[in-house]
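Enquirer: This is the structure I have questions about; it appears just below.
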Amino acid sequence: MAWTPPSAVPLERIIIGRRSKRRSAMPKEVHVVGLDIAKSVFQVHGADRSGKAVVRRRLRRDDVENFFRDLAPCLVGIEACPSAHHWARRLRDLGHEVRLIPAQYVRPFVKTNKNDAADAEAISEAVVRPSMRFVPIKEEMQQEILMIHRVREMLVGQRTQLINAIRGHLAEFGVIAPNRAHNIGLLTAMIEDVTDLRIPPVARHALRHLVEQLREVKTKLVRIEEDLAMVAKRSDEAMLAPLRRAEWVVYAKRPFAGPAAVLAYLSRYTHRVAISNSRLLAMDDRGVTFRWKDYRARAKATGDSWIKAMTLPADEFIRRFLLHVLPDGFHRTRHYGLFAGAIRAANIDRIRALLAKDDPGASLVSRDGLVSMRTAIVLISMDLTL
């Protein structure tokens with residue numbers, strides 16, 4: 001039987017089986033996405049509302065924004081690491097809700113060995129935990145300021161390293177200088193002085209490189225501090241701008257009639273002071289005696305021996321008493337404000353000059369202490385001199 005060739009088949013009916021390079025369509029419902037970021041390759045793990053995985057994909061760096069641009073707005077979790085704030089801002093601009101998770105909080109959700117796919121899945125599970133703690137997304141201006149501080153910190157470390165190196169090398173030849181960074185000038189002057197024979201010529205030549213590098217670092221520090229001052233001024237203006245536009249209602253209390261009214265006012269708040277009436281023991285010519293607790297001796301003391309007594313002059317007792325008087329609803333300005341410790345004396349002097357009034361303290365405390373004793377009696381609402 002002779003061989004017969006196959007009948008002709010139209011070309012359009014021939015099916016060539018090969019793998020399609022076209023990506024599958026984007027899932028319709030993606031509720032949460034875990035994104036594991038890197039330098040070049042990114043891993044995406046998407047899940048629906050029930051937590052079932054609906055998309056697992058590796059993306060090149062150039063394809064990340066296109067992928068999330070085609071994706072419906074959803075919750076995106078990213079591990080807080082370098083460049084995380086940059087990607088958080090970019091994805092936020094695309095309409096997604098982005099949350100940054102500390103790396104130590106993601107690790108417990110990794111089921112298998114650590115890899116990009118496992119990390120992305122762990123991020124998608126951790127970001128929906130109700131008790132999860134997140135890292136606030138930093139804006140570009142915040143990162144600018146942080147970068148200036150970090151550069152300055154690095155330069156300060158380099159300066160310290162160079163100073164310590166110069167000190168250590170010269171100590172090998174018996175040359176030392178007092179501590180503190182500003183005393184390094186004595187050693188640099190000695191290195192540049194060729195007539196100083198305490199430093200060998202070869203060592204002097206090598207140390208000059210460190211001196212030149214130290215000068216460059218100091219110059220850069222001056223410039224970076226100028227940049228910090230400029231940024232600080234810009235930050236203050238940005239912070240004060242909305243405050244200046246706001247409408248403020250200021251409540252000013254009527255001034256006291258005099259020292260007697262002030263004492264009467266303070267005496268109503270004896271329950272808010274550290275030296276309570278129950279701690280007072282006596283009041284005589286020596287001053288005011290009260291109990292105090294020595295917490296350092298409490299560990300080794302027996303019974304109530306750690307509770308001791310202290311006697312203070314009347315004016316000193318009043319000073320300590322007034323330090324703790326604070327009516328309800330008021331806040332003490334310890335470090336900032338008009339009565340801050342660093343500028344309090346200057347501000348009070350200026351206020352007195354503006355008001356053109358004498359110091360009222362002179363009428364409250366006399367040399368013999370009698371007026372101070374009367375003041376203390378009014379303050380504590382008790383008379384222990386009887």
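Enquirer: What's the local net charge at residue 287, with K and R +1, D and E -1, over the other residues with C-beta under 10 Å away? All intermediate terms of the calculation are to be shown ahead of the outcome.
Expert: Values: positive: 286; negative: 284, 285, 315, 316.
Neighbour charge sum, excluding residue 287 itself: -3.
Enquirer: Separate question: Mind listing the phi-derived Karplus ³J(HN,Hα) values for region 224-235, rounded to whole Hz, using 6.51, -1.76 and 1.60 with θ = phi - 60°, and x for any glycine or proline?
Expert: Ordered by residue, 3J(HN,Hα) equals 5, 6, 5, 5, 4, 4, 5, 5, 5, 5, 5, 5 Hz.
Enquirer: With r as the distance between the Cβ atoms of residue 164 and residue 81 and R0 = 45 Å, compute the FRET efficiency 1/(1 + (r/R0)^6) and round to 0.05.
Expert: 0.85
Enquirer: Please say if region 175-219 is rounded, prolate or oblate, where rounded means a/c under 1.5 for a ≥ b ≥ c the square roots of the C-alpha gyration tensor eigenvalues, and otherwise the choice is prolate for a/b larger than b/c and oblate otherwise?
Expert: oblate
Enquirer: Still on this structure, I have one more. Which order do 30, 76 fall in if you start with the one that has the fewest other Cβ atoms within 10 Å?
Expert: Arranged by neighbour count, lowest to highest, 30, 76 become 30, 76.
Enquirer: Follow-up question, since we're still on this one. Taking region 74-137, which trypsin sites (Lys or Arg not before Pro) meet the DSSP loop condition and have no more than 10 other C-beta atoms within 10 Å?
Expert: Details: sites: 89, 90, 92, 99, 111, 114, 133; in loops: 111, 114, 133.
For trypsin sites (Lys or Arg not before Pro) across region 74-137 that sit outside H, G, I, E and B with at most 10 neighbouring Cβ atoms in 10 Å, the list reads 111, 114, 133.
Enquirer: Right, here's the next one. Of 193, 48, how do they rank once you tally other Cβ atoms within 10 Å and put the fewest first?
Expert: 193, 48
Enquirer: In whole Å, how far is the Cα centre of region 129-178 from that of region 229-243?
Expert: Between the Cα centre of region 129-178 and that of region 229-243, the gap is 25 Å.
Enquirer: Oh, and also: Rank these for me by crowding, 248, 292, 306, going from fewest to most other beta carbons within 10 Å.
Expert: Neighbour counts put them in this order, fewest first: 248, 292, 306.
Enquirer: Next up: Report the net charge of residues surrounding residue 51, where surrounding means a beta-carbon distance below 13 angstrom and charges are Lys +1, Arg +1, Asp -1, Glu -1.
Expert: -1
Enquirer: Any idea how far apart residue 173 and residue 320 come out in nm if each label point goes 7 Å out from Cα toward Cβ?
Expert: The answer from the label model is 5.8 nm.
Throughout, read-outs are computed from the coordinates displayed, never taken from laboratory work. Keep in mind it's a predicted model, so treat the numbers as computed, not measured. When we count neighbours, we look across all protein chains shown, and the Cβ atoms used for this are built from the backbone with ideal geometry, even at glycine.
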